[in-house]
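To start, the structure itself, in structure tokens.
The values are calculated or read from the model by the stated rules, or taken from the named source; none is laboratory data. Since this is a predicted model, take the numbers as computed values, not measurements. Cβ: placed from backbone, ideal geometry, glycine included. Neighbour counts: every protein chain shown.
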Amino acid sequence: MRRSFTTSIRGFTLMELMVSLVLGVMVVGAAVQLFSQGVDATWVVSQRAEMQQDLRAATDLMFKDISLAGSGPPALAQGIELPTATANRPLYGYAPSCTLLNNCVGVAGAGLPYPCSSNVGACIPTLYGIIPGYRMGITPPGSATKSDVITVVYEDTVLALNCYTVAFPPPPPTVNPVTFTAPPVPPPATCILPPGLVFPQAVDDPVVGLKPGDLVLFSNSAGQALAEVTAAVGGGPYTVTFINGDPLWINQSGAAGDLSGITVGAGTVANRVYVITYYLWVLPDPAGVGAGVPVLMRQVNGQMPVPVAENVANLQFTYDTYDTLGNLLNAAGDAGYSTGTSFNLIRKVNVAHLTIRSQLAGSRSQLASTRGYQSFDLQTSISARNLSYQNRYGQ
């Protein structure tokens with residue numbers, strides 16, 4: 001008798017298939033959500049890391065400059081009178097091609113005029129170790145308040161210009177060209193050289209030498225005066241020209257405070273001076289659809305400004321001023337200038353807001369959980385040591 005076998009070919013029921021499909025969708029959905037959250041977290045962390053790096057780079061450079069404010073000849077801390085011709089008041093924070101780049105401080109096409117030594121009477125433009133620019137910057141995108149500008153001044157200690165003998169043309173008093181003669185070999189003990197050097201660098205050295213736009217402080221028995229280099233330096237002995245019509249309007253032959261007023265003085269010593277200005281500028285959006293990228297700029301003397309960090313969305317300062325007895329006079333954005341306080345009484349710079357934002361907004365990266373810009377806001381204080389201790393040691 002033959003036994004017959006039957007094989008079932010029955011598959012999944014519709015109910016089983018639906019349950020499996022639902023479970024599969026749930027598992028896949030959970031995996032996608034977990035992956036999306038991981039991508040979001042990675043994006044947020046990378047943006048924060050980039051902001052921290054940019055902020056660190058900006059603060060390292062800016063705080064170093066602020067801490068050096070007023071270093072060098074005592075006149076830099078006390079204040080140096082500049083030419084007083086009213087038609088061409090000396091400027092700072094200005095580059096020759098700033099109109100083209102649209103990165104001038106203040107009004108496009110011009111820099112900021114040096115502050116007066118007093119807010120009453122005739123204006124005598126004065127160079128101070130720190131020059132506040134309260135609300136003199138741009139209004140950053142997304143802000144209703146103008147940003148601040150800050151300018152610090154100190155002596156260059158890299159180029160040993162003070163080791164050279166300075167000679168002006170013979171009378172009648174003129175200033176062009178000024179001749180710099182190298183010291184003998186070996187240099188005298190009064191020639192202080194940077195570490196590693198046995199002889200001062202050439203005045204026309206391609207790396208550290210004088211260039212058009214540099215500022216030189218001349219001091220002798222007749223006083224001191226600031227002048228701007230206006231042409232390439234000629235070699236041996238080195239000739240440097242300081243003609244009128246310079247971009248910063250520092251050279252004003254015949255005006256009080258100009259270099260022409262001290263050419264008859266004896267024992268002239270020259271030092272290169274750095275006048276460094278920090279301000280915000282907006283880099284236009286290449287597509288022309290956005291508000292642009294706010295950039296922290298750094299300009300030295302009359303040279304071209306350079307970007308320090310992008311996406312710096314705010315820059316504001318206050319300044320502590322003290323009298324000779326150590327009493328606090330002001331803690332204000334203009335250092336009390338509006339009430340008659342002189343800038344040479346500034347002893348501490350307070351960073352009220354240094355705000356940096358992320359490179360991208362969440363809405364542009366299609367991450368719903370991180371819409372809008374991330375940002376860091378830094379507040380700190382910096383003591384300008386050469387200003388803080390000058391009175392204490394009788395300088």
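For the reader, a short list of remarks on this structure follows.
- Residue within the range 280-287 that is surrounded by fewer than 23 Cβ atoms within 10 Å (Cβ to Cβ), at pLDDT below 90 and assigned to a strand (DSSP E or B) present: yes
- From the options GLY137, GLY129, residue that is buried (at least 21 other Cβ atoms within 10 Å of the Cβ), closer than 19 Å to ILE346 by Cα and either modelled with pLDDT of 90 or more or among the small types (Gly, Ala, Ser) (or both): GLY129
- Among (1) hydroxyl-bearing (Ser, Thr, Tyr); (2) surrounded by 15 or more Cβ atoms within 10 Å (Cβ to Cβ); (3) within 26 Å of LEU76 (Cα to Cα); (4) modelled with pLDDT of 80 or more - the single one THR355 does not satisfy: (3)
- Lone qualifier among ALA69, ALA95 - being surrounded by 12 or more Cβ atoms within 10 Å (Cβ to Cβ), within 30 Å of VAL312 (Cβ to Cβ) and modelled with pLDDT of 75 or more: ALA69
- Lone unmet requirement of (1) surrounded by 21 or more Cβ atoms within 10 Å (Cβ to Cβ); (2) closer than 20 Å to LEU61 by Cα for ALA335: (2)
- Sole residue being touching a residue at least 40 places away in the same chain (Cβ under 8 Å), buried (at least 23 other Cβ atoms within 10 Å of the Cβ), farther than 30 Å from GLY142 by Cβ and not aromatic (Phe, Trp, Tyr), chosen from GLY267, GLY257, GLY209: GLY257
- Scanning the range 330-363 for residues that are closer than 26 Å to ASN311 by Cα, of a type in the set (S, T, N, Q) and in contact with a Leu (Cβ under 7 Å, 6 or more places away or on another chain) yields no hits at all.
- Every condition in (1) in contact (Cβ under 8 Å) with a residue 24 or more places away in the chain; (2) outside any helix (DSSP H, G or I) is met by PRO183 except one, and the failing one is (1).
- Considering only residues in the range 228-251 that are modelled with pLDDT of 90 or more and over 26 Å from ARG298 (Cα atoms), the one that is surrounded by the fewest Cβ atoms within 10 Å (Cβ to Cβ) turns out to be THR239.
To keep it simple, each residue is scored yes or no on (1) touching a helix residue (DSSP H, G or I) at 6+ places or on another chain (Cβ under 8 Å); (2) part of a loop (DSSP other than H, G, I, E, B); (3) without any contact (Cβ under 8 Å) to a residue 12 or more places away in the chain.
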residue	(1), (2), (3)
ILE131	yes, no, no
THR139	no, yes, yes
SER143	no, yes, no
ILE150	yes, no, no
THR157	no, yes, no
PRO170	no, yes, yes
ILE192	yes, yes, no
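- Test: residue in the range 200-217 that is of a type in the set (A, V, I, L, M), at pLDDT below 90 and closer than 24 Å to PRO125 by Cα: no
- Matching option when the condition is part of a strand (DSSP E or B) and at pLDDT below 90, among ASN314, ASN330: ASN330
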